[in-house]
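The values are calculated or read from the model by the stated rules, or taken from the named source; none is laboratory data. Nothing here was measured: the structure is a model prediction, and the numbers come from that model. Cβ atoms come from the backbone with ideal geometry, glycine included; neighbour counts cover every protein chain shown.
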């Protein structure tokens, strides 16, 4: 009888432990499912409020395009006589605007802008299609608008400075306004875009201080910084996801 009671107690203890293990596993499974569901909801909300189809590769190719444009400008300036700061060639000896200089830099800048926009748009559309998402969404429109306002204002401001002969401040101004555009747009896309914006603003301010080296800072901002950001974004965030 005593042995029988001990066996019954032992069996009851094992049964109780098994029930506890089953309940714990069931609760853990439910918890994991709930966490997974919350993550899915968070991703859906993030995609509805942020434009997440930007491609890190576009930063790399845009940077390469900017460096090519800066190199073309360097070769153009190197062909001139004298050892003047680059912006001094914008005016001739009689104080008149040098049309060939301004025409070359305008063509160079527009070429870099056009090629960069084409590459960035193509890579963004391709990424969106791969993810099964639309490009022209509400978040995409907000992103474009918040970038367009600082960029458009900056472009007009640079033209005004050229009209008044402040050609040397154009390179710093483009960096600063572009950095402000990125800071503004980071609210509607990847948050780390704002760090690239801060770098552009900092380089723009330095270019304004060291005005004779404005073209170098422009190459560092639009070229090197873009490439570094694109590499980090692609291999750190996109590859991981």
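Per-structure values
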quantity: Hits in the stretch 170-192 (condition: assigned to a helix (DSSP H, G or I) and surrounded by fewer than 19 Cβ atoms within 10 Å (Cβ to Cβ)); calculated: 187
quantity: Number of the exception - residue 84 against (1) part of a helix (DSSP H, G or I); (2) at pLDDT below 90; calculated: (1)
quantity: Which numbered condition residue 182 misses (of (1) over 17 Å from the mean Cα position of the chain (by Cα); (2) farther than 20 Å from residue 77 by Cβ); calculated: (1)
